Amino acid sequence: MGHGISEAIVDPIQRPDSPAIRLHNVDKRFGEHTVLDQVSLSVDPGQVLALIGPSGAGKSTLLRCINLLERPTGGTITVDGVTIEAGHTVSANELAKLRSRVGMVFQSFNLFPHMTALKNIALPQQRVLGRSKKEAEDRAHALLKRVGLADKAQQYPTRCSGGQQQRIAIARALALDPKVMLFDEPTSALDPEVGLEVLRVMRELADEGMTMAVVTHEMQFARNVSDHLVVMSQGRILEEGDPRQIFANPQQQRTREFLRAVLERE
Amino acid sequence: MTGIMDDFMTYQQELVNGLGVSISLALLTFALGLPGGLLLAVASFNRAKAVRILAVVFVEVGRGTPALVMLQLVYYGLPVTLTAFLSAAIALSLTTAAYTSEIIRGGLRGVPAGEIEAADALGLRAFHTMRDVVVPQGLRIALPPLLGFCIIMFQATTLAFTIAVPELMAQAKSIASSNFHYFNLFLIAGLLYALITIPASIFTDRVADKLARHT
Amino acid sequence: MTENVWTFVAQGISNTIGLTVLGFSLGALLGIPLVAMRFAPLAPVRWISGTYIQITRGVPLVVWLFLIYNGPTQFDPSLGSVFTSWLSALLAIGLVSGAHMAEIYRGSLRAVPLGQREAGGALGMTQVDTAARIIAPQMLRTAIPASATYAIGLLKDSSLASTIGVFEVTFYANTAAGTSSSAVPFLVAGVYYLALTIPSAWGARHLETRLSRKVLR
């Protein structure tokens, strides 16, 4: 395991009051191009963070840095007590440890098309958590019921609507008992009505106390469901704080312009 | 025409036995070569550069060497004494592994990146992602060209006559050199091969159509 | 002996290349009427061409080689001097590659979007004009890489001509192996084939990327 400083550091002490997610000075550069510029933020346990901003602001990249789908070029990332420092080689064990704490939901669902809904949810539990098939399938059935798709267990993803697929994808992520859920524009590929089914599930999840970070274009969700709003532009945080306050009275000129443009379209 | 029919009736036993040997040789070739191709394809995605280079070299040499030369090399070159049949199966499966690894690699690459990313995010280990997500779908994508290649390899079993494996071509040749009915016997052999390859290629086209319609 | 093996087997290289180039050219030519027949308005014409392609591709090359080389002697032994090893090999390779080339042409024709075929007509171009100016150049972009790959395959398949006694690389390797009773000559032959095919494959890949870039532009 830990071989000095060349590997990620695991914080052995988990303080109960420590944030569920903490990013410190996270950088992401491709050569000359800067996608994320010294971004720091933290999300407390049970909090719902909404990330909004114009496209190309770096919201999705930031989200993907949290579970290291993107490797940041600088800074530190702490999730549920596991800290990863950028620039160091991350061992497979470290990566597994971090990812076991983080569930992720993608814009394009990314279900495995050759598996039934049930198997999509059960197989990762067997492989990652070592649960028995029976255990994993029981949990999968329970989660399908919870997202309102009890009857779709034996269905293949392509036979389900986009909204149903996304709900299956949420169940798949929840099945691994994550401490934190990341949502990368979960409703952007869906018709507005279908998106509502997904948003309802997300809202229930928030009400149950799940820690969530959501990149979204759904301003209603950002305003009414999230506890903390982060507005990003050009790889930086423009402003952050209470969502209702920011929507009512944005401090930055750029935030005002963005909100006006988005809200006028709705 | 009656001459051809007569020859077929007279030598039916030998010819059908020969076809049986051809088919078993092909089946053994697939049984050895296709898993080899899968292994090489997976190896070409390995994180270790040495493994990737080794796989590429094996594939390039295997594809660049004519099957006939591979056959002679294995038969005469291996330090252990194998039966002609086994030598032929090994040589043809080396060729099969090299070619099918490229076909399978194309299939594996056809699996959407988003799914691999999802598997990563779920915390699946690289081995499991490969085995449970990438390989099953990649093989499905690669199935039509794989079937097409198997038909080509079935035809390549004819080469085994050069090391005296008693397959169909060898039988036809030996009968023809005793009764001088070269035309009849090679025509019969050709028809027997076609009897298998043509339905097989029609079947392959059906599979390709079906898979294309489902995606 | 070992140094001699290299020069001895090398004697076959010119025949290997010659057989490949001529056999491929014959096939490339034969493929044109075959593919034209595949798109003929008359169903029986299409059927004949389709059947020819199926059968030719369905029968192994070795069988064609012996059928052409030895077959005629059943009827008249003197035909043996007409169908020499070389001519038989050339005919067999030409015959089989004609069927394959027809399929390659057909595939590349299908790759040209139907809209463009129709657009030519809508612009008032004659069928010949549309074929020559719009379809043919685009066909070539997909047909050339596929043909190159096929030609490289043919180079290896030409080794089968050794079985009817054409003096190409594998034939010399076989002879040397027989006299020295070692497998080294086949290793040498393998090296020669690799030396011929690997650069050709690189060339074909290079050609393919260059052509696809042209299409994108």
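The values are calculated or read from the model by the stated rules, or taken from the named source; none is laboratory data. On a predicted model such as this, the values are computed, not experimentally measured, just so you know. Cβ: placed from backbone, ideal geometry, glycine included. Neighbour counts: every protein chain shown. All accessible areas refer to the heavy atoms of the entire protein, side chains included, with ligands and DNA or RNA removed. Shrake-Rupley method; radii C 1.70, N 1.55, O 1.52, S 1.80 Å.
Of the residues contained in the range B:32-44, none is found to be touching a strand residue (DSSP E or B) at 6+ places or on another chain (Cβ under 9 Å), in a loop (DSSP other than H, G, I, E, B), away from chain C (no Cβ under 14 Å) and within 30 Å of A:ALA96 (Cα to Cα).
I'd like to check something: does the range C:38-52 contain any residue that is touching a Lys or Arg at 6+ places or on another chain (Cβ under 9 Å) and crowded, with 23+ Cβ neighbours inside 10 Å? Spell out the reasoning first.
At the first step, the residues of the range C:38-52 found to be touching a Lys or Arg at 6+ places or on another chain (Cβ under 9 Å) are C:38-40, C:45-46, C:49-50.
Still in the list and also crowded, with 23+ Cβ neighbours inside 10 Å: none.
For the range C:38-52, residues touching a Lys or Arg at 6+ places or on another chain (Cβ under 9 Å) and crowded, with 23+ Cβ neighbours inside 10 Å: absent.
Restricting to the range C:4-20, and then to whatever is surrounded by fewer than 18 Cβ atoms within 10 Å (Cβ to Cβ) and among the aliphatic types (A, V, I, L, M), can you tell me which residue is farthest from C:LEU155 (Cα to Cα)? Across the range C:4-20, the extreme among qualifying residues is C:ALA10.
Could you tell me which of the residues A:MET210, A:MET202 is surrounded by 17 or more Cβ atoms within 10 Å (Cβ to Cβ) and closer than 19 Å to A:PRO19 by Cα?
Details: A:MET202 fails: closer than 19 Å to A:PRO19 by Cα.
Among A:MET210, A:MET202, only A:MET210 is surrounded by 17 or more Cβ atoms within 10 Å (Cβ to Cβ) and closer than 19 Å to A:PRO19 by Cα.
Name the residues in the range A:222-265 that are among the charged types (D, E, K, R) and not in a strand (DSSP E or B), would you? Those that are among the charged types (D, E, K, R) and not in a strand (DSSP E or B): A:ARG223, A:ASP227, A:ASP242, A:ARG244, A:ARG254, A:ARG256, A:GLU257, A:ARG260, A:GLU264, A:ARG265. Here A:HIS88 passes the criteria (1) outside any loop (DSSP other than H, G, I, E, B); (2) more than 10 Å from chain B (Cβ to nearest Cβ); (3) not β-branched (Val, Ile, Thr) except the one numbered (1). Screening A:ASP227 against (1) closer than 23 Å to A:GLY148 by Cβ; (2) at pLDDT 90 or above; (3) not hydroxyl-bearing (Ser, Thr, Tyr) leaves a single unmet condition, (1).
In the range C:107-117, is there at least one residue being out of contact with any Lys or Arg (no Cβ under 6 Å at 6 or more places or on another chain), within 14 Å of chain B (Cβ to nearest Cβ) and either surrounded by 15 or more Cβ atoms within 10 Å (Cβ to Cβ) or not in a helix (DSSP H, G or I) (or both)? For the range C:107-117, residues out of contact with any Lys or Arg (no Cβ under 6 Å at 6 or more places or on another chain), within 14 Å of chain B (Cβ to nearest Cβ) and either surrounded by 15 or more Cβ atoms within 10 Å (Cβ to Cβ) or not in a helix (DSSP H, G or I) (or both): absent.
Selection over the range B:111-135 of residues that are closer than 15 Å to A:PRO124 by Cβ, free of Cβ contacts under 8 Å to residues at least 24 places away in the same chain and assigned to a helix (DSSP H, G or I) gives a count of 14. Scanning the range C:167-183 for residues that are more than 8 Å from chain B (Cβ to nearest Cβ) and either closer than 9 Å to B:GLN72 by Cβ or part of a helix (DSSP H, G or I) (or both) returns C:VAL169, C:PHE171, C:TYR172, C:THR175, C:ALA176, C:GLY178, C:THR179, C:SER180.
Let me confirm something: among A:ALA136, A:ALA169, which residue is under 14 Å from the mean Cα position of the chain (by Cα) and outside any strand (DSSP E or B)?
Values: A:ALA136 fails: under 14 Å from the mean Cα position of the chain (by Cα).
Residue meeting the stated conditions: A:ALA169.
Filtering the range A:23-42 to residues that are at positive phi and touching a residue at least 12 places away in the same chain (Cβ under 8 Å) leaves A:ASN25, A:GLN38.
Is it fair to say C:GLY23 is in a helix (DSSP H, G or I), open to solvent by less than 80 Å² (accessible area, probe 1.4 Å), in contact with a Leu (Cβ under 7 Å, 6 or more places away or on another chain) and modelled with pLDDT of 90 or more?
Answer is yes for this residue.
Among A:THR216, A:THR187, which is surrounded by 22 or more Cβ atoms within 10 Å (Cβ to Cβ), polar (S, T, N, Q) and touching a strand residue (DSSP E or B) at 6+ places or on another chain (Cβ under 8 Å)? Spell out the reasoning first.
Numbers: A:THR187 fails: touching a strand residue (DSSP E or B) at 6+ places or on another chain (Cβ under 8 Å).
Answer to the selection: A:THR216.
For B:ALA48, the criteria (1) away from chain C (no Cβ under 14 Å); (2) farther than 22 Å from A:PHE106 by Cα; (3) surrounded by 18 or more Cβ atoms within 10 Å (Cβ to Cβ) hold in every case but one, which is (3).
Between C:LEU194, C:LEU160, C:LEU211, C:LEU207, which is surrounded by fewer than 20 Cβ atoms within 10 Å (Cβ to Cβ) and within 8 Å of chain B (Cβ to nearest Cβ)? Full working, then the answer.
Numbers: C:LEU160 fails: surrounded by fewer than 20 Cβ atoms within 10 Å (Cβ to Cβ); C:LEU211 fails: within 8 Å of chain B (Cβ to nearest Cβ); C:LEU207 fails: within 8 Å of chain B (Cβ to nearest Cβ).
Exactly one of C:LEU194, C:LEU160, C:LEU211, C:LEU207 is surrounded by fewer than 20 Cβ atoms within 10 Å (Cβ to Cβ) and within 8 Å of chain B (Cβ to nearest Cβ), namely C:LEU194.
Residues that are of a type in the set (A, V, I, L, M, F, W, C) and either touching a Cys at 6+ places or on another chain (Cβ under 6 Å) or open to solvent by less than 40 Å² (accessible area, probe 1.4 Å) (or both) within the range A:78-97 comprise A:VAL79, A:VAL82, A:ILE84, A:ALA86, A:VAL90, A:LEU95, listed in sequence order. If you filter the range C:58-79 down to residues that are of a type outside the set (A, V, I, L, M, F, W, C) and loosely packed, with under 14 Cβ neighbours inside 10 Å, you find that the one that is farthest from the other protein chains (Cβ to nearest Cβ) is C:SER78. Within the range B:173-190, the set of residues being more than 10 Å from C:GLY71 (Cβ to Cβ) and either more than 8 Å from chain C (Cβ to nearest Cβ) or not in a helix (DSSP H, G or I) (or both) comprises B:SER174, B:ILE175, B:SER177, B:SER178, B:ASN179, B:PHE180, B:ILE188.
Of B:ALA31, B:ALA89, B:ALA97, which residue is modelled with pLDDT of 95 or more and open to solvent by 60 Å² or more (accessible area, probe 1.4 Å)? Exactly one residue qualifies, and that residue is B:ALA31. Of the residues making up the range A:98-111, just one is within 8 Å of chain B (Cβ to nearest Cβ), farther than 17 Å from A:ARG22 by Cα and surrounded by fewer than 22 Cβ atoms within 10 Å (Cβ to Cβ), namely A:SER108.
Return yes when A:ARG127 is among the charged types (D, E, K, R), facing another protein chain (nearest Cβ under 9 Å) and in contact with a His (Cβ under 7 Å, 6 or more places away or on another chain) and no when it is not.
Numbers: among the charged types (D, E, K, R): yes; facing another protein chain (nearest Cβ under 9 Å): yes; in contact with a His (Cβ under 7 Å, 6 or more places away or on another chain): yes.
Yes.
Of the residues making up the range B:60-76, none is open to solvent by 10 Å² or more (accessible area, probe 1.4 Å), over 25 Å from B:GLN137 (Cα atoms), out of contact with any helix residue (DSSP H, G or I) (no Cβ under 9 Å at 6 or more places or on another chain) and free of Cβ contacts under 8 Å to residues at least 24 places away in the same chain.
On the basis of being more than 9 Å from chain C (Cβ to nearest Cβ) and not in a loop (DSSP other than H, G, I, E, B), does B:SER201 make the cut? Answer is no for this residue.
Among the residues of the range B:117-138, those identified as out of contact with any Phe, Trp or Tyr (no Cβ under 8 Å at 6 or more places or on another chain), at the interface with chain A (Cβ under 9 Å from one of its Cβ atoms) and open to solvent by 30 Å² or more (accessible area, probe 1.4 Å) are B:ASP120, B:ARG125, B:ALA126, B:PRO136.
Does C:SER158 satisfy being in contact (Cβ under 8 Å) with a residue 24 or more places away in the chain and hydroxyl-bearing (Ser, Thr, Tyr)?
On the way: in contact (Cβ under 8 Å) with a residue 24 or more places away in the chain: yes; hydroxyl-bearing (Ser, Thr, Tyr): yes.
In short, yes.
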